[in-house]
Each structure stands twice: as C-alpha cells, then as structure tokens.
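Participant: Dumping the structure here so I can ask a few things about it.
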Amino acid sequence: MAARSKPTVLVVDDEADIRSSIRMILEYEGYALVEAATGEDGLEALDRARPGVVLLDIKMPRMDGLEVLARIRQRDPSLPVVMISGHGTIQTAVEATRLGAFDFMEKPLERERVLLVLRNAVERGRLESENRDLKLSFEERFTMIGTSPAMKAVLVARAIHRNSPRASRPFVKVNCAAIPEELIESELFGHEKGSFTGALRDQTGKFAQADGGTIFLDEVGDMSGRTQAKVLRALQDGEIEPVGAAKSFVVDVRVIAATNKRLEDEIAAGRFREDLFYRLNVVPIHIPALRERREDIPALVGWFAEAFCRENGLKPKTIAADAVEVLSRAPWRGNVRELRNAVERMIIMTPRDTVRASDVPPQVGTSPVAEPAPAGPAGGAPAGGGTLQEFKDASERTFIVQKLKEHDWNVAATAKAIDTPRSNLYKKLETYGIRRETDG
C-alpha cells in the first residue's frame with residue numbers, strides 16, 4: 001500500500017526564529033510548508049495554499065491568533081488549527097478550545113511534541129474529510145431523481161428531512177417484511193439477555209438506535225398485531241419496552257412509514273390497527289409507480305448509468321437516445337429497482353462506450369423482474385432469448401413464485417420446502433422484485 005502524501009502545513013507566527021525552527025522539523029519529515037508573519041498574511045495564504053493543518057501563534061501584532069482562528073473556522077470549520085503561545089495560560093487555552101482549536105502548544109516547541117500533535121491533527125482532518133465525503137455520497141445515492149409533477153411533490157419530503165433539526169441525527173431503516181415475525185419485536189425494541197432462547201446478550205433495538213433522529217419503517221403493513229401495539233405506544237407515549245425488560249425507556253424519534261398495501265383494506269380485514277393508521281397517516285405522500293411518470297425515466301437512466309460506472313471503477317458509458325426511448329416504453333411493473341437492474345445489466349453486457357437500442361434485452365421491463373416468463377417446452381422453464389444468465393434468473397424467479405403460491409405465500413414454509421435459509425429467500429424476493437400484489 002502506498003503511503004499517504006503529507007499535507008501542506010501553514011505556519012502563522014510573527015517570530016522568524018519560530019518559523020525557521022518549525023520549518024526544519026517539518027521539512028525533514030516530508031511536510032510541505034507555507035509561512036506567514038501576520039494574521040492577515042495567514043488568511044490570504046489560506047485560500048492560496050489550501051493547507052491540511054494550520055499552526056497559529058496567539059500573540060501577534062494587529063490581528064491576534066484568536067481572531068485569526070475565528071475567521072478560519074468561519075471559512076472551513078473542519079480545518080485543524082493548532083495554537084502556539086509563549087505566554088500560555090489556562091484561560092487562553094480554554095478560549096482557543098472554545099473557538100474550535102484542535103490543540104495547544106507552548107513555546108519553546110519540542111520536536112516530538114510538534115510531530116505528535118501534527119500527526120493527530122492530520123488524522124483528524126482526514127477523518128473529517130472522509131466523513132464529509134461519505135455523507136455526500138450517501139445523500140447522492142439516495143437523491144430522488146425526477147422532473148414529473150408527482151416526483152416534485154415527493155421531493156418536499158426529502159427536503160424536510162435534510163433541513164430539519166434531526167438531519168444530523170441517526171437515520172435508521174427497518175424493512176418490516178424482511179424480518180421474521182418472531183424476531184421483529186426484538187429488532188425494533190431490543191431485548192435483554194436471556195429473555196428468550198438465543199438471546200445470548202443484550203440488544204439495542206432500532207427505535208433506541210434512532211433516538212433523536214428518524215426511523216423509517218418500510219413495509220409497515222407487514223407487522224404483526226402485537227408489534228403494531230408496541231409501535232403505537234412508542235408514538236403515543238414516546239416509550240419503548242425491550243423484550244424481557246422490567247421497565248420502559250423514553251425515546252424521541254420521528255417515524256416515517258411506507259407500505260405497498262392499501263392500509264384501509266388491511267384495517268377492514270382486521271390485519272392493521274386503525275388507531276396506528278391514524279397516528280402514522282399525518283402527512284401522507286403517494287410515491288407514484290414508474291409507469292405513472294415515464295418522463296422521469298431518461299433522468300433515472302442517466303443517473304443509474306453514471307452512478308454504477310463510478311461506484312465500480314468502470315469507464316463511463318453513454319445510454320443513447322434510441323435505447324432510452326425503448327426503456328421509456330417498457331411497463332416497469334418492478335418500478336425503479338427493475339429499471340436500475342436493467343441499466344446495470346446493459347452496462348455490464350455492452351462492450352462499447354455507448355449503449356444502443358439493440359443492446360436492450362427484448363424482455364426488459366417485463367421479465368424476469370416484472371412478470372413470470374412464458375412457459376417453454378422444458379417443463380415450465382421460461383422461453384425466449386437473451387443471455388444464459390438472464391435465462392437462469394428468469395427460471396429461478398418463476399420457480400420461486402410457483403413455490404410461494406403452493407405455500408400460500410408463506411415465506412418460512414416456502415424456504416423450508418426448497419431447502420434454503422429464509423434470509424436467502426428474502427434476498428431473492430428483493431432481487432427479483434417478487435411481490436404477492438403483482439405475482440400472486
């Protein structure tokens with residue numbers, strides 16, 4: 001592994017001897033150095049040199065170090081600044097820390113101390129930079145793409161989340177349909193050691209993990225009645241009770257729930273609590289199916305293509321207009337997930353830099369994700385062209401749907417019947433976009 005290059009260090013000190021001694025220490029260790037004799041020169045050098053760390057003297061003429069520190073923090077709050085002083089006092093150190101200084105060193109400077117503080121400051125800067133990049137990457141990955149009127153309305157929900165006081169707090173997602181019924185209560189609210197067979201240690205639930213932030217309950221319509229009652233209590237009283245616990249705990253969470261079911265029908269059938277529905281249904285937002293907003297498909301295709309190439313280190317590929325036109329006409333019963341999988345598959349299978357209409361598989365948008373493929377001569381295997389992998393995927397999807405129907409869509413029973421772990425079957429359901437509403 002190649003060693004990381006060392007960042008530029010900006011030294012701001014009115015004493016030439018101090019700057020000279022720091023220069024000798026740092027240049028020997030391979031750091032690049034930029035020097036400034038005044039606070040004003042230091043701020044000017046900040047924009048020009050873009051340092052990774054600043055060593056800043058406190059006592060300087062005209063503009064002292066604390067004022068310079070405050071201005072640096074305004075420009076770049078993540079830039080580590082180490083204060084230097086020949087007249088250090090506890091009060092000065094406290095004030096510098098309050099203003100955001102990373103550390104504080106007293107003159108005369110000791111070589112080992114300088115290098116240690118500098119290494120720590122560089123590491124802090126690197127971690128903050130990585131954290132910032134990861135946050136941007138996360139937000140970019142989950143940006144909602146679309147220009148249709150329906151999607152513009154949905155964008156409001158994302159804007160509220162990002163600009164709310166909870167934006168910097170945890171965001172915890174739970175797929176209620178992917179968790180076995182006997183485990184979902186423990187997953188949401190946690191459990192104490194020994195509360196049931198297999199509870200070998202205390203576990204913090206998702207509600208507690210989201211304390212102060214937001215919990216997203218995906219497929220909320222799949223929760224059992226008992227779990228619904230505990231979620232209702234959390235919403236009404238702000239309290240959760242881990243499985244096996246003797247007392248409840250207060251949590252402060254915002255709940256966002258999603259479902260592909262009509263909860264009004266579930267209430268009428270006695271499968272969903274009406275009081276919980278009204279607690280959740282405060283600001284309902286309808287997310288339209290992809291076929292209801294075909295004008296968004298070109299933007300989504302471009303987004304998925306660019307993101308997939310970037311994330312996998314591939315040379316960027318262009319989706320030609322004729323290919324986009326074909327994709328825009330497909331039914332997309334598997335919605336955005338199916339479109340994303342199709343774009344990724346085309347990028348992988350197309351050797352050229354441009355994906356054209358001839359590269360779009362004939363069954364895209366209808367198979368294997370959206371509809372069971374027609375039966376072929378080999379005892380129910382899907383017919384049609386495409387690649388060997390596409391044939392395998394279509395066959396597997398058809399097999400899984402058939403077995404689910406045989407077991408009345410009971411995932412646990414189906415997994416046992418086909419001799420596969422239930423967790424693996426849930427992954428297959430998500431991969432192929434299999435849902436009872438569209439495949440049952």
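Participant: Within the stretch 326-344, is there a residue that is open to solvent by 80 Å² or more (accessible area, probe 1.4 Å), modelled with pLDDT of 80 or more and either over 14 Å from Ile434 (Cβ atoms) or outside any helix (DSSP H, G or I) (or both)?
Facilitator: Yes: the stretch 326-344 contains one or more residues that are open to solvent by 80 Å² or more (accessible area, probe 1.4 Å), modelled with pLDDT of 80 or more and either over 14 Å from Ile434 (Cβ atoms) or outside any helix (DSSP H, G or I) (or both).
Participant: Does Gly384 count as modelled with pLDDT under 80, at positive phi and surrounded by 14 or more Cβ atoms within 10 Å (Cβ to Cβ)?
Facilitator: Spelling it out, Gly384 is indeed modelled with pLDDT under 80, at positive phi and surrounded by 14 or more Cβ atoms within 10 Å (Cβ to Cβ).
Participant: Condition test on Asp322, is it touching a strand residue (DSSP E or B) at 6+ places or on another chain (Cβ under 9 Å), open to solvent by 30 Å² or more (accessible area, probe 1.4 Å) and not hydroxyl-bearing (Ser, Thr, Tyr)?
Facilitator: Numbers: touching a strand residue (DSSP E or B) at 6+ places or on another chain (Cβ under 9 Å): no; open to solvent by 30 Å² or more (accessible area, probe 1.4 Å): yes; not hydroxyl-bearing (Ser, Thr, Tyr): yes.
No, not satisfied.
Participant: So, restricting to helices (runs of 4 or more DSSP H) that lie completely within the stretch 25-122, which ones have at least 2 residues that are closer than 24 Å to Lys6 by Cα, open to solvent by less than 50 Å² (accessible area, probe 1.4 Å) and at pLDDT 85 or above?
Facilitator: Working: elements: 39-49, 65-75, 90-98.
Hits in the stretch 25-122: 39-49, 65-75.
Participant: Related question: Give all pairs with beta carbons closer than 8 Å in which a residue from the stretch 45-65 that is at positive phi meets a residue that is open to solvent by less than 10 Å² (accessible area, probe 1.4 Å); count only pairs at least 6 apart in sequence or on separate chains.
Facilitator: Arg62/Gly39
Participant: Modelled with pLDDT under 90, of a type in the set (Gly, Ala, Ser) and under 22 Å from the mean Cα position of the chain (by Cα): does that describe Ala258?
Facilitator: Against the criterion (modelled with pLDDT under 90, of a type in the set (Gly, Ala, Ser) and under 22 Å from the mean Cα position of the chain (by Cα)), Ala258 qualifies.
Participant: Quick one: what pairs do we get from the stretch 391-420, first residue closer than 25 Å to Arg345 by Cα and among the hydroxyl-bearing types (Ser, Thr, Tyr), second part of a loop (DSSP other than H, G, I, E, B) and at pLDDT below 85, C-beta under 7 Å, 6+ apart or different chains?
Facilitator: Pairs found: Ser395/Ala381; Thr398/Pro372; Thr398/Ala373; Thr398/Gly380.
Participant: Continuing with this model, one more query. Just give me the residues in the stretch 263-303 being surrounded by 14 or more Cβ atoms within 10 Å (Cβ to Cβ) and not in a helix (DSSP H, G or I), in sequence order.
Facilitator: Arg271, Phe272, Arg273, Ile287, Pro288, Ala289, Arg293
Participant: Also: Out of (1) touching a Gly at 6+ places or on another chain (Cβ under 8 Å); (2) closer than 15 Å to Asp13 by Cα; (3) touching a residue at least 40 places away in the same chain (Cβ under 8 Å); (4) of a type outside the set (Asp, Glu), what's the single condition that is false for Leu109?
Facilitator: For Leu109, the exception is condition (1).
Participant: Is it the case, given these coordinates, that Ala16 is among the small types (Gly, Ala, Ser), surrounded by fewer than 22 Cβ atoms within 10 Å (Cβ to Cβ) and at pLDDT below 90?
Facilitator: The answer is no for Ala16.
Participant: Right, another one. Return the only residue of Phe196, Phe249, Phe171 being touching an Asp or Glu at 6+ places or on another chain (Cβ under 7 Å), open to solvent by 70 Å² or more (accessible area, probe 1.4 Å) and not polar (S, T, N, Q).
Facilitator: Values: Phe196 fails: touching an Asp or Glu at 6+ places or on another chain (Cβ under 7 Å); Phe171 fails: touching an Asp or Glu at 6+ places or on another chain (Cβ under 7 Å).
None of the other options fit; the residue is Phe249.
The values are calculated or read from the model by the stated rules, or taken from the named source; none is laboratory data. These numbers come from a predicted model, not from an experiment. Cβ coordinates were reconstructed from backbone atoms using ideal geometry, including for glycine residues, and neighbour counts include every protein chain displayed. Only protein heavy atoms, including side chains, enter the accessible area calculation; ligands, DNA and RNA are left aside. Shrake-Rupley method; radii C 1.70, N 1.55, O 1.52, S 1.80 Å.
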